[in-house]
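Engineer: Below is the structure I would like to discuss, written out as structure tokens.
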Amino acid sequence: MKIRLKDGSSREYDGPKSVIEIAADISDGLARAAAAGEVDGKVVDLRTVIDHDCTLNILTAKDPGGLAVLRHTTSHVMAEAVLNLFPETKVAIGPSIDTGFYYDFEHAPFSREDLDRIEEEMKNIIKKGAALERYTLPREEAIAKMEAEKQPYKVELIQDLPKDAVISFYSQGGFTDLCAGPHLMTTKPIKAFKLLSSSGAYWRGDEHRQMLSRIYGTAFATKDELKDYLHQLEEAKKRDHNKIGREMGIFTTVDVIGQGLPLLMPKGAWIVQTLQRWIEDEEERRGYMRTKTPLMAKKDLYLISDHWNHYKEGMFVLGDENKPGEEVMALRPMTCPFQYYVYKQSQKSYRDLPCRYGETSTLFRNEDSGEMHGLTRVRQFTISEGHLICTPEQIEEEFRGCVDLAKYCLTTLGLEEDVTYRLSLWDPNDRSKYIGDEESWNRVENMMRTILNHIGIKYTEQAGEAAFYGPKLDIQAKNVYGKEDTMITIQLDMFLAERFDMTYIDSNGDKKRPYIIHRTSIGCYERTLAWMIEKYAGKFPTWLCPEQVRVLPISDRYEEYARKVLGRLKESGIRAEIDARSEKIGYKIREARVDKLPYMLIIGAKEEEAGVISVRSRFLGDEGQKQLEDFIRDVKEEISSKTIREEMPDEE
């Protein structure tokens with residue numbers, strides 16, 4: 001057989017060879033560094049035997065695929081350490097993830113002291129350098145083994161595997177785990193790891209199942225890489241919107257109000273209001289018609305849309321549907337069915353299309369308690385929602401318009417370089433999640449590919465992420481910890497027009513079904529606010545700062561002139577305040593910097609005598625003396641143009 005290697009060379013063998021054997025044939029050093037193989041683009045275990053011509057890449061921990069294997073093996077070492085220290089623990093699952101790994105255990109919550117003990121035990125295990133051995137068992141033997149070891153979560157996993165699944169285990173020293181792999185050959189290559197935190201997690205993400213204790217950790221090829229990552233993590237914590245947003249008085253949460261129900265403080269409310277007004281004005285300029293629809297509806301509406309069958313678990317239901325004669329309602333998780341009835345109030349002609357409806361929508365979704373976080377995952381939120389009803393011939397142009405609007409919003413906010421684009425497709429292997437037939441799905445998915453290719457967007461594809469009624473373009477971004485969320489979505493729907501009997505009259509006088517584009521322009525305002533807090537570490541562009549200028553009189557003697565300056569700023573529409581406290585000017589300046597203000601105006605004897613102001617900013621530091629009217633003109637231009645000025649380092 002002929003093995004083609006990454007560098008373009010090839011090797012030939014008379015018989016089957018494992019990946020690790022081929023690595024050793026290339027060089028002993030490569031075999032020692034090897035973490036996994038990549039056969040024809042698929043990551044495989046080093047123990048995998050190759051018996052056919054293929055392309056092979058030997059992966060080390062410097063490669064993303066190899067690093068994932070190193071982390072996976074580290075999670076097994078952690079599980080072994082936990083069982084050594086807490087023998088009654090039940091183990092669940094322990095995968096590698098983008099930022100490291102985790103493992104779920106049925107055990108009381110782990111303290112930081114527990115994690116430190118587990119780390120020390122992991123070091124002892126790694127020192128022994130045990131080899132990892134892979135073997136398989138028939139289903140009944142595998143179940144019996146896990147039952148004998150009193151590991152019910154593993155039993156459930158085995159029982160849920162397809163009948164023809166290969167049931168594999170990996171053992172290391174005295175520890176054995178149900179696992180598909182791949183894994184390192186031994187524990188020796190694990191040189192740099194850290195257990196980061198512990199939190200609760202429902203078994204299989206189901207809030208009705210057992211709450212488990214999850215330990216998060218990370219691992220790298222070298223200690224220097226680990227050190228750099230931990231430093232980045234500390235820096236990320238400084239930008240965490242959950243920390244900065246509370247410190248700046250942008251939002252808060254209260255236990256008696258409930259999880260996922262943040263309170264926007266005056267500063268946060270002003271920022272969101274400013275964003276909403278900007279988006280509503282921009283949408284109107286682009287031909288959107290504004291609607292205002294109810295926050296709840298009868299169950300009947302959601303039965304027509306099929307949200308009741310596909311989304312009810314995520315809705316807040318009011319009333320008991322099992323109680324005869326009781327009217328059952330639900331808080332709306334989306335606005336689309338309401339806007340369809342706005343469309344249906346009159347018969348539309350092809351000349352009336354496209355109809356572009358926009359609404360600043362407050363929505364409600366019953367998120368799992370373990371999923372909620374700050375402003376990014378909440379139970380009540382507001383989005384810039386829109387639905388475009390159009391003819392088949394108008395789809396591409398309207399979809400382009402939606403993408404253009406989203407890009408305009410991202411660019412204005414300085415976020416365009418921080419996003420990726422994902423085409424979210426249906427999963428033909430799980431048709432229960434969707435409405436419609438395979439032919440329709442394939443047709444519309446191909447239509448979306450064509451449109452995206454025409455636009456020139458670079459995108460990835462992900463099966464199983466589509467809405468139940470159609471594929472979508474998801475605009476993705478990561479938070480400071482690397483967790484990815486959907487920020488903006490544009491969906492193409494070919495089914496709901498029929499369910500709601502939506503029609504238009506075409507040029508031949510025949511009734512036809514329109515297509516529907518579901519979209520957001522800026523997404524969820526709360527999530528966007530969180531994103532911007534982290535992006536700018538609270539130093540918002542001037543047009544989004546709740547306080548844009550602070551006037552700082554050096555002493556009480558200059559307060560009268562300072563208040564005249566303040567009054568002129570406010571008359572000009574600039575959000576300004578005064579700090580007239582009897583404090584030293586250095587203290588006032590430091591406080592203004594801590595509050596992340598764009599501008600400070602220093603007022604003293606020279607300024608009063610000359611009728612000017614002294615300007616300090618986040619952008620240039622000491623900008624010297626200026627005429628007040630010149631400063632007002634420049635700041636108003638900065639605000640109206642939504643300019644994002646380059647920041648100085650924190651220390652001047």
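The values are calculated or read from the model by the stated rules, or taken from the named source; none is laboratory data. Quick caveat: nothing in here was measured; it's all calculated off a predicted structure. Every residue, glycine among them, receives a Cβ derived from its backbone with ideal geometry; neighbour counts consider all protein chains shown. Surface accessibility is based on the protein's heavy atoms, side chains included, excluding ligands, DNA and RNA. Shrake-Rupley method; radii C 1.70, N 1.55, O 1.52, S 1.80 Å.
Engineer: Which value, in debye to the nearest 20, describes the size of the charge dipole of segment 123-210 about its Cα centre when Lys and Arg Cβ atoms bear +1, Asp and Glu Cβ atoms bear -1, and nothing else is charged?
Structural biologist: On the way: 14 positive and 11 negative charges, 143 e Å.
Dipole of segment 123-210, to the nearest 20 debye: 680 debye.
Engineer: Continuing with the same structure: In nm, what is the difference between 0.36 nm times the number of residues separating residue 408 and residue 256 and their Cα-Cα distance?
Structural biologist: Additional length available on full extension: 50.8 nm.
Engineer: Okay, next question. Testing the spin-label approximation: label points 7 Å from Cα along Cα→Cβ at residue 243 and residue 55. State their distance in nm.
Structural biologist: 4.3 nm
Engineer: While we're looking at this one, here's another question. Taking only Cα atoms, what is the 0 to 90° angle, nearest 10, from helix 628-640's long axis to the longest principal axis of the chain?
Structural biologist: On a 0 to 90 degree scale, this one is about 40.
Engineer: Defining a contact as two alpha carbons under 8 Å apart and six or more residues distant in sequence, what relative contact order in percent does segment 446-518 show? Write out the running numbers ahead of the final one.
Structural biologist: Details: 80 pairs, mean separation 16.7, N = 73.
After rounding, I find 23 percent.
Engineer: Relative contact order for segment 272-357 using alpha-carbon pairs under 8 Å, separation at least 6, rounded to a whole percent? Walk me through the numbers on the way to the answer.
Structural biologist: Working: 63 pairs, mean separation 28.9, N = 86.
Rounded, it is 34 percent for segment 272-357.
Engineer: Which of 123/227; 150/188; 145/188 have a Cα-Cα distance over 26 Å?
Structural biologist: 150/188; 145/188
Engineer: Estimate the FRET efficiency between residue 210 and residue 286 by the formula 1/(1 + (r/R0)^6), using the beta-carbon distance for r and 51 Å for R0, to the nearest 0.05.
Structural biologist: Details: r = 50 Å, r/R0 = 0.97.
The calculated FRET efficiency here is 0.55.
Engineer: Still on this structure, please answer the following. So who's got an amide H within less than 5 Å of the one on residue 463, skipping anything under 5 residues away but keeping other chains? H placed 1.01 Å off N, in plane.
Structural biologist: Sorted by chain and number, the residues that satisfy this are 425.
Engineer: Relative to the longest principal axis of the chain, what angle (0 to 90°, nearest 10) does the C-alpha long axis of helix 395-412 take?
Structural biologist: Rounded to the nearest ten degrees, it is 70.
Engineer: Further question on the same structure: Leaving ligands, DNA and RNA out of it, work out the accessible area of residue 599 with a 1.4 Å probe and give it in Å² to the nearest 10.
Structural biologist: The accessible area comes out at roughly 10 Å².
Engineer: Here is a further query. For segment 305-375 and segment 52-103, what is the centre-to-centre distance using only Cα atoms, to the nearest Å?
Structural biologist: Distance between centres, Cα-based: 41 Å.
Engineer: Among the listed pairs 458/636; 458/596; 478/642; 194/483; 127/483; 267/478, which are separated by more than 29 Å between their Cα atoms?
Structural biologist: 458/636; 458/596; 127/483
Engineer: A follow-up question, please. Can you put 134, 422, 351, 568 in order of accessible area, largest first, using a 1.4 Å probe?
Structural biologist: Details: 134 110, 422 35, 351 180, 568 80 Å².
Largest to smallest exposure gives the sequence 351, 134, 568, 422.
Engineer: Of 529, 378, 421, which is farthest along the charge dipole of the chain in the positive direction, counting Lys and Arg as +1 and Asp and Glu as -1 at C-beta?
Structural biologist: 529
Engineer: Right, here's the next one. Relative to the Cα centre, what is the charge dipole magnitude of the chain, using +1 at the beta carbon of each Lys and Arg, -1 at the beta carbon of each Asp and Glu, and rounding to the nearest 20 debye?
Structural biologist: Dipole about the Cα centre, nearest 20: 820 debye.
Engineer: Ordering 52, 208 from largest to smallest accessible area (1.4 angstrom probe), what's the sequence?
Structural biologist: Heavy-atom accessible area, descending, gives 208, 52.
Engineer: Please list the non-local residues whose amide H lies under 5 Å from the amide H of residue 97, H modeled 1.01 Å from N, same-chain partners needing a gap of 5 or more.
Structural biologist: 102
Engineer: Now, a different point. Starting from the Cα of residue 292, draw a straight line to each of the lysines and keep only those under 25 Å, dropping any in the same chain fewer than 8 residues away.
Structural biologist: Reachable lysines: 312, 344, 348, 472.
Engineer: Let me ask you something else. Could you work out what % of the accessible surface of the chain is carbon and sulfur, using a 1.4 angstrom probe and leaving DNA, RNA and ligands out of the count?
Structural biologist: 48 percent
Engineer: Another question, then. When the chain is fully extended, how far beyond the present Cα-Cα distance does residue 400 get from residue 499, taking 0.36 nm per residue of separation?
Structural biologist: Length gained, residue 400 through residue 499: 33.1 nm.
Engineer: Accessible area of residue 48, 1.4 Å probe, to the nearest 10 Å²?
Structural biologist: So the heavy atoms of residue 48 present about 50 Å² to solvent.
Engineer: Can you give me the Cα centroid spacing of segment 531-594 and segment 159-179 in angstrom?
Structural biologist: 63 Å
Engineer: Which whole-number percent gives the relative contact order of the chain, counting Cα pairs below 8 Å spaced six or more residues apart? All intermediate terms of the calculation are to be shown ahead of the outcome.
Structural biologist: Numbers: 1169 pairs, mean separation 57.7, N = 652.
Computed over the chain, the figure is 9 percent.
Engineer: Rounded to the nearest 0.05, what FRET efficiency do residue 582 and residue 277 have when you use their Cβ-Cβ distance and R0 = 56 Å? Spell out each step's value before the answer.
Structural biologist: On the way: r = 38 Å, r/R0 = 0.68.
The pair residue 582/residue 277 has a calculated efficiency of 0.90.
Engineer: Which of 132, 70, 343 sits closest to the plus end of the dipole of the chain, meaning its Cα is farthest towards the positive end, when Lys and Arg get +1 and Asp and Glu get -1 on the C-beta?
Structural biologist: Of the candidates, 343 comes out farthest on the positive side.
Engineer: In the set (i) 370; (ii) 224; (iii) 248, which value of volume of the Cα convex hull per residue in Å³ was calculated from the structure you see?
Structural biologist: Here the calculated entry is (ii).
Engineer: Amide H of residue 186: which non-local residues (sequence gap of 5 or more, or other chain) have their own amide H closer than 5 Å, using H built in the peptide plane?
Structural biologist: 132
Engineer: For residue 238, go through the aspartates and glutamates and keep the ones whose alpha-carbon is under 14 Å away, minus same-chain ones fewer than eight residues off.
Structural biologist: Qualifying aspartates and glutamates at Cα under 14 Å: 247, 534, 650.
Engineer: Could you tell me whether segment 558-652 comes out rounded, prolate or oblate from its Cα gyration tensor? Rule is a ≥ b ≥ c as square roots of the eigenvalues, rounded for a/c under 1.5, then prolate if a/b exceeds b/c, otherwise oblate.
Structural biologist: oblate
Engineer: Work out how much length residue 120 to residue 439 would gain on full extension: take 0.36 nm times their residue separation and subtract the Cα-Cα distance, in nm to one decimal.
Structural biologist: 109.2 nm
Engineer: On a 0 to 90° scale, report how tilted helix 585-594 is relative to the longest principal axis of the chain, with both axes built from alpha carbons and the result rounded to the nearest 10.
Structural biologist: Approximately 50 degrees, to the nearest 10.
Engineer: How high is the FRET efficiency from residue 346 to residue 150, r the C-beta distance, R0 45 Å, rounded to 0.05?
Structural biologist: Computed FRET efficiency for residue 346 and residue 150: 0.10.
Engineer: Going by the alpha-carbon gyration tensor, a ≥ b ≥ c the square roots of its eigenvalues, is segment 335-477 rounded (a/c under 1.5) or, if a/c is not under 1.5, prolate (a/b greater than b/c) versus oblate?
Structural biologist: Since a/c stays below 1.5, the shape of segment 335-477 is classed as rounded.
Engineer: Could I ask something else about it? Can you work out ³J(HN,Hα) from phi for every residue in segment 185-190, in order, using Karplus 6.51 cos²θ - 1.76 cosθ + 1.60 and θ = phi - 60°, giving whole Hz and x for Gly and Pro?
Structural biologist: 6, 9, 7, 4, x, 7
Engineer: On to the next question. First check a/c for segment 161-250, with a ≥ b ≥ c the square roots of the eigenvalues of its C-alpha gyration tensor; if it is under 1.5, answer rounded, and if not, answer prolate when a/b is larger than b/c or oblate otherwise.
Structural biologist: Since a/c reaches 1.5 but b/c is at least a/b, the shape of segment 161-250 is classed as oblate.
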